[in-house]
Amino acid sequence: MIQFDRPRTPKDLLKRIDHLFELSAGKIRSLEQSWTPSSGAPVFTVAGRYTARGWTEWTEGFQYGSALLQFDATGEREFLDLGRERTLTRMASHLTHMGVHDHGFNNVSTYGALWRMAREGRIDADAWEIRFYELALEVSGAVQARRWTPIPGGGYIYSFNGAHSLFVDTMRSLRALALAHILGHRLVEEQDAQVNLLSRLLQHARTTATYNVFDGRGAGPFDLRGRVAHESLFNAANGTYRGPSTQQGYSPFSTWTRGLAWAMLGFAEQLEFLSAVPASMVEEAGGAGADAWMIDAARATCDFYIESAGCADGVPYWDTGAPGLAALGDWASRAADPFNDREPVDSSAAAIAAQGLLRLGSLLTRRGDDGTRYWQAGLRVADTLFDAAGPYLSQDSRHQGLLLHSVYHWPNGWDHVPPGAHVPRGESSQWGDYHARELALYVKRHALEQPYLAFYGPPIHA
């Protein structure tokens, strides 16, 4: 359980954040100088050097999106030029990628970041450049929405596993649908059938909240409030729910902590989005009452992270049911130990979860509720990750990763285990590095009282 050792403010973290971005600049330059695009997208490090892993190319947007975050945080023009040029020359295939659910990762991190910064006045962009980003985002959202499995009363965007498979990860990827909708786009299907993209977003989120997030009211022994299943399986022929599953977690009846983190951040961010658009737009999309069940899902997942997934310092192990945790004794009451030889921690889950905690805490506070618990939990996690004296921030200029002790797919054995060890440690991932930067930028903007960091930029008007 996360221990609240002392109150924190965003300003308390500023020195650590500035140091993070100093390190980050060298990491981005190193990868850009060494990486060959024909190798595919960089995914995770092996002995400190980024490598590819052909499953889907879901991490390329994080590579160039990291350069854009670096510019946003520091104003260093070279990183804007890098992110802008790579978005233009290398990201087009992701816009029309029919085989994945990851559009919000690849395309919102690149085209979306440039569009957002143009709206905020962070970059100079003429009307044609802005329209280019908008058209890209409209295409991406419509393509994502086309991966649709209907079920009684709704439906979901299915994963690359097929029409039967709903991944919890996609909650964070829904940003693609959100942006396409506010840009006035829609999906047109057979015989010119018009599909409201916000309606698809809300239906997918409702299905995720119903089947991937447990509410603690079921009869099963593993129905713990806020526990998350990585994957939900359906009969694609008639939409019947069949049961939980997992690809990267330990079991369907434990919680893969990165999946939990995707849910925390995804629900919190969509709550912010629904608060920023006209209520009439939400009602037209069939979203009456959406705020209530989305708040329930966000609170439940964040509570579970604080109470059951995070260690005392806010960093989780890779899965709450990982069998080696039993040998670690009362692991939840101590700081996570990335150097133990039983189970790996996952710092990338911590970086994602921290932003979810902060966004939920901020949203509740703005509404007049008490968001202090979530806000302080998020700052606790960020403080741990950004500590230059701690084990997570990579200080070695020869290591291309920024956030150490990230895990990708431990059940498949894809993560690097150093000689003499039994579990992975000391490596980084593109999503971990990206979300560490995004978390740092989010906190920095709060500390400096700059505009709130949201994927859609300033509030949207009808």
Original post:
Cα convex hull of the stretch 374-462: mean projected area in nm², to one decimal?
Top reply: 9.0 nm²
**OP:** Using per-residue counts of other Cβ atoms within 10 Å, averaged over each peptide, order 388-395, 40-47 from highest down.
**Re:** 40-47, 388-395
Original post:
Check L393: other-chain or 5+ apart residues with amide H under 5 Å from its amide H, H built from backbone geometry?
Top reply: L404
Original post:
Put a dot 7 Å past each Cα toward the Cβ at S38 and E449; how far apart are the dots in nm?
Top reply: 5.4 nm
**OP:** Grab the Cα-Cα distance for S397 and H409, subtract it from 0.36 nm times how many residues apart they are, and report the gain in nm with one decimal.
**Re:** 1.8 nm
**OP:** Per DSSP H run of n ≥ 4, the term is -39500 (n - 2.57); total these for the chain, divide by its residue number, and report the mean residue ellipticity at 222 nm rounded to 500 deg cm²/dmol.
**Re:** -14000 deg cm²/dmol
**OP:** Grab the Cα-Cα distance for K15 and M1, subtract it from 0.36 nm times how many residues apart they are, and report the gain in nm with one decimal.
**Re:** 2.4 nm
Original post:
For the pair A326 and A92, what calculated FRET efficiency results from E = 1/(1 + (r/R0)^6), where r is the Cβ-Cβ distance and R0 = 35 Å, to the nearest 0.05?
Top reply: 0.10
**OP:** Report, in whole Å, the centroid distance computed from the Cα atoms of the stretch 177-253 and the stretch 40-61.
**Re:** 27 Å
**OP:** Net charge near R172: determine it from the other residues with C-beta under 12 Å of the C-beta of R172, scoring Lys and Arg +1 and Asp and Glu -1.
**Re:** -1
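Quick note: the coordinates plus some simple rules give every number you see, no bench work behind them. Since the model is a prediction, treat every value here as computed from it, not as a measurement. Cβ coordinates were reconstructed from backbone atoms using ideal geometry, including for glycine residues, and neighbour counts include every protein chain displayed.
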